[in-house]
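Read the structure below first, then the notes.
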Amino acid sequence: MSEQHVQEQHEQEHHIVSPVTYMIIFGALLVGTALTVLASYFDLGEWHIAPGLTLFWNPVVALAIATTKMMLVVLFFMHVKYSPRLTKLTVAAGFIMFLVLVGMTLTDYFTRAWGRW
Amino acid sequence: MSDNTAIANGAQTEAHHEHPPYQRHHFETVGQQFDATNFAMWLFLLTEIMFFGGLFTAYLIMRNWYYQPFVDASHQLQIFWGTANTVVLIASSFTMAMSVWSAEMRRRKSLLIYLCLTLVFGLTFLGIKGIEWHEKWEKHHIPGAHYSVQSFVNPQSDPEVYKEYKDAPLSPDAAQKTEEYFFLYFAMTGMHALHMVIGIGILVFMIFRAKVGAYTTGHVTFVENFGLYWHFVDIVWIYLFALLYLISRH
């Protein structure tokens, strides 16, 4: 009961993120940009999962780095880390919904001619 | 007792709370008002995610269907300009975050400086985008009646790109599909740039308001929520950069 009260109080006060945090995130984003450009200059190979199904590592790495950068921006620049739980839930629900819609659309398109190539 | 007196008496008995002038009457506290508007801004951003998500999905499907034309077409983009623009946009996100901090700390001067820096970075981004688009215009790579497949059916006619990638010529049929890449390229970077233009318009408005001290009274909602929009546009670019420029080098 009291714990919940503390949580509520915590959510009510406005958290001010310090410039030091912003600078660290800024630095991390620049490092991420350098890494992803660097990675694009190397052929990172591919993984033949099954006949006709190949996973190229270059796009996987590029998207993984982009997603890491996105998380840093969302959590710190957009203050989600310091936001009320309602905001956290909303943002998470939005991303999951996005992944479901894109994922289901892609599974449809990518499997229409399955095994016929 | 008439209704009017009843309301008047009611208003008297329920004493008027002390609250800052920017707190609307239908909110209990400033904190509640902040959270509610913040929540609404996030809902708007979710619709934006779905909007750009449609474009990204179209790109992924098309790239899967017409893999080679998409790879060859994306070799036309210069990684140098893409990287420069990514750095510029991340820097503008940083200065925007610092603007929010300045507003929270009620520092009018530093708020103005950071907002102006954000504006300069935003304009720089659009300038670089303009250079890139102009190059596409010169090479007839803008989809439409004047589109040319020259660089793809005969890669050696485009020596600058050829010496870096040594792309094999595409058949005229396949080369035609590069137009779809550029259609999506312009649709995605164009929609992104439109968001930047809108953001820059709001930034100019904010700079005038900040000058008269509108955001340094403790009322940071507008700056904070605009910051969310600006960072969202930054995130879209992070993905555009990865998908349009980087993943097709190999």
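What follows is calculated from the coordinates using simple rules that are stated; it is not laboratory data. Only a predicted model underlies this, so the values are computations on that prediction, with no experimental measurement involved. No Cβ is skipped: glycine too gets one built from the backbone with ideal geometry, and neighbour counts run over all protein chains shown.
The ratio of the alpha-carbon radius of gyration of chain A to the globular-protein estimate 2.2 N^0.38 Å is 1.50. A DSSP coil position with no more than 12 other Cβ atoms inside 10 Å describes the following trypsin sites (Lys or Arg not before Pro) in the stretch B:165-247: B:Lys166.
Taking label positions 7 Å along the Cα-Cβ direction at both A:Phe95 and A:Trp57, the computed distance is 2.5 nm, reported to one decimal. Only lysine pairs 8 or more places apart, or on different chains, with alpha-carbon atoms under 18 angstrom apart are counted in the stretch B:77-191, and they number 4. Please state, as a whole number in µm²/s, the translational diffusion coefficient that the Stokes-Einstein equation yields for the stretch B:54-111 at 25 °C and 0.890 mPa s, with Rh defined as the Kirkwood radius across alpha carbon pairs. Value of D from the Cα-based Kirkwood radius: 168 µm²/s.
Percent of C-alpha pairs per 5 Å bin in the stretch B:91-156, short distances first: 4, 17, 15, 12, 9, 8, 8, 8, 8, 6, 4, 1, 0.
Screening chain B for whole DSSP H helices of 18 Å or more along their axis (Cα) with average Kyte-Doolittle hydropathy at least 1.0 returns B:79-104, B:178-211.
In the stretch A:28-57, what chymotrypsin sites (Phe, Trp or Tyr not before Pro) fall in a loop by DSSP, with at most 11 other Cβ atoms inside 10 Å? In loop regions of the stretch A:28-57 (DSSP not H, G, I, E or B), the sparsely surrounded chymotrypsin sites (Phe, Trp or Tyr not before Pro) are A:Tyr41.
Helix A:85-111 and the longest principal axis of the Cα set of chain A meet at an angle near 10°. Restricting the stretch B:59-164 to trypsin sites (Lys or Arg not before Pro) that sit in a DSSP loop and have at most 16 other Cβ atoms within 10 Å of their own Cβ leaves B:Arg106, B:Arg107, B:Lys139. Eigenvalues of the alpha-carbon gyration tensor of the stretch B:98-250, scaled by 5 and square-rooted, set the equivalent ellipsoid semi-axes at 43, 13, 13 angstrom, largest first. When +1 charges are put on Lys and Arg Cβ atoms and -1 charges on Asp and Glu Cβ atoms, the dipole computed for chain B relative to its Cα centre reaches about 620 debye.
One equal scatterer on each Cα of the stretch B:51-168, no solvent, Debye formula: the resulting log10 I(q)/I(0) at q = 0.12 Å⁻¹ is -0.63.
Counting only Cα atoms, the size of the stretch B:204-246 along its three principal axes is 44, 17, 9 Å, in decreasing order.
Here the protein assembly as shown yields Rg over Rh of 1.07, to two decimals, using C-alpha coordinates and the Kirkwood radius. For B:Phe70, neighbours were defined as the other residues whose beta-carbon sits under 15 Å from its Cβ, and their charges (Lys and Arg +1, Asp and Glu -1) total -2.
For the pair A:Leu106 and B:Ser148, a Förster radius of 25 Å applied to the C-beta separation gives a FRET efficiency near 0.20, rounded to the nearest 0.05.
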